[in-house]
Amino acid sequence: MKEIKLKDGKMKLIIKFVSITFLMVIICSIGFSQSAYLADKYLDKAQSLQKQHKYNEAAQMYEKSAEAEKASPKPRLEDLSAGLIQAGNCYFQIGQYEKAIKNYEESLAIFRRLGREEYVAMNLNIIGGVYKAWGQYDKAVKNYEEVLAINRKLGREEYVAIDLNNIGGVYYTWEKYDKAIKNYEEALAINRKLGKEKYVAIDLNNIGEVYKAWGQYDKAIKNYEEALAIARNQEQEDKIATFLNNIGMVYGAWGQYDRAIKNYEEALAIFCKQGKEGSIATVLNNIGAVYKAWGQYDKAIKNFEEALAIDRRLGREGGVAIDLNNIGMVYGAWGQYDRAIKNYEEALAIFRKQGKEGSIATVLNNIGVVYDSWGQYDKAIKNYEEALAIDRRLGREGNVARDLNSIGMVYDSWG
């Protein structure tokens, strides 16, 4: 009897142990499924908000999704990284670069831990792009060069050319034109060697951009026309229109307004034939800019308003704001200050609604210019200082210098 009791006792003990273990598994599973469920729920909401261009709310919802994912006993790391990248993308859209970087770097850390070099390179590329937009060019170059080193090590020549292009793009924006040309030409040599004609054309286009900014218009035209010849040879209508548009920009900067208009109108005809309304609006804006520089303000307004009508029809709020800003600039130059202010304030309201701080600062600066020209110096100072506060907060040093210079000029005019 004792022996039976002992065995029975052991059996009860084993049953009890198994039951507790099973309960723990259930709890863990519930925890996992609950966290995953919440992560997916927040992710769906974030994607919906992003489609509505509600970038700030979308970013916060992506972050909530990431937090829920992290709370899971077994986080889905690739899903987590994707959510963090999307949060970063949303913050980037509204110019909140610090928050964008924070999310991208968290994603980068995950891929470093997983040893996924191709995704490490992707994240570094994105971070480099944010620093470039932020005007922190040294940090942008540092990240792009890290990507370049990875791709060189992996022997991915096509990607090496892309990295060199990205580095060239930073140096171009940084106005270090010799370094920009050096990187672009290295990329061009690789793409020529690989027989990638499409990318050869892009490299030539980029080199043309640098020479245009450098004021070496003959070299800019030479590179653009080489790119255009490749596009024509390959019958790439999109590229043909793009390169014609770029040639138009050089002639516009060169003061050869008739040639600029000729190239723009050729580009416009292609986009009209293709029904690409967004591109049509862009070229109309460029034509408007030429007429403004040419002092033909009525024609400038006509083209800008055509672009505005398209962007309104397409519901492209960002484009609408840019068009209104451009119209404001014409009226400002034309001395019709009340109309200039009206258009600027409409543009400003859109940018404020979108939370695009960099664009808000730009329009405030433009409003300041009008009030300065109008002799309303107190209002000019108010707008310039508002722009200055934003640019300081965003760490945009070049713009801070511009704002300070503008404020100084008003005080000088004010005596």
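The values are calculated or read from the model by the stated rules, or taken from the named source; none is laboratory data. Note that this is a predicted model, so its numbers are computed, not measured. Ideal geometry is used to build each Cβ from the backbone, glycine not excepted, and the neighbour counts take in all protein chains shown. Note: accessible area is taken over every heavy atom of the protein model, side chains too, but ligands, DNA and RNA are not part of it. Shrake-Rupley method; radii C 1.70, N 1.55, O 1.52, S 1.80 Å.
Remarks
- Prolate/oblate/rounded call for segment 126-192, Cα gyration tensor, a/c under 1.5 rounded: oblate
- Sequence-distant contacts, meaning Cα pairs under 8 Å at least 6 residues apart, place the relative contact order of the chain at 8 percent.
- Taken over the Cα atoms of segment 67-216, the convex hull encloses 113 Å³ per residue.
- Over the chain, DSSP H runs of length four or greater, each weighted -39,500 (n - 2.57), average out per residue to a 222 nm ellipticity of -30000 deg cm²/dmol.
- Kirkwood Rh in Å, taken over all unlike Cα pairs in segment 225-279: 11.1
- Residue (of ALA140, SER107, TYR371) at the positive-pole extreme of the chain, dipole from beta-carbon charges: SER107
- Segment 302-354: Rg to Rh, with Rh as the Kirkwood radius over Cα pairs: 0.98
- Rg/Rh, computed from the Cα trace of segment 140-260 with Rh as the Kirkwood radius, has the value 1.00.
- Given charges at beta-carbon only (K, R positive; D, E negative), |dipole| of the chain in Debye: 1880
- Debye equation applied to the C-alpha atoms of the chain, log10 I(q)/I(0) at 0.07 Å⁻¹: -0.45
- Anisotropy class of segment 294-415 from Cα gyration tensor, a/c 1.5 cut: oblate
- The angle between the Cα long axis of helix 317-333 and the main principal axis of the chain comes to about 30°, on a 0 to 90 degree scale.
- Kirkwood Rh (inverse of mean 1/r, distinct Cα pairs), segment 61-107, angstrom: 10.4
- Stretching the chain fully between TRP214 and ARG352 yields a gain of 46.3 nm (0.36 nm per residue, less the alpha carbon separation).
- Remark: the chain carries 52 Å² of accessible area per residue (probe radius 1.4 Å; ligands, DNA and RNA excluded).
- Inter-label distance for LYS41 and GLU57, nm, one decimal - labels placed 7 Å from Cα along Cα-to-Cβ: 1.8
- Taking the charge dipole of segment 210-353 about its Cα centre, with +1 at Lys and Arg Cβ atoms and -1 at Asp and Glu Cβ atoms, the residue from ALA231, GLN216, ILE301 reaching farthest to the positive side is GLN216.
- On the beta carbon distance between ASP412 and GLN34, with R0 = 60 Å, the FRET formula returns roughly 0.40.
- All aspartates and glutamates inside 14 Å of LYS353 as judged from Cα atoms, apart from same-chain residues fewer than 8 positions distant: GLU57, GLU317, GLU345
- Here the Karplus relation 6.51 cos²θ - 1.76 cosθ + 1.60, evaluated at θ = phi - 60°, turns the backbone of segment 183-194 into coupling constants of 5, 4, 5, 5, 4, 4, 4, 5, 5, 5, 4, 7 Hz, with x for every Gly and Pro.
- Computed P(r) (all Cα pairs; segment 242-352; 10 Å bins; percent): 17, 45, 32, 6
- Using a Förster distance of 51 Å, the FRET efficiency for SER373-GLU118 (Cβ separation, nearest 0.05): 0.45
- Spacing of the modelled spin labels on GLU266 and ARG232, each 7 Å from Cα toward Cβ, amounts to 0.6 nm.
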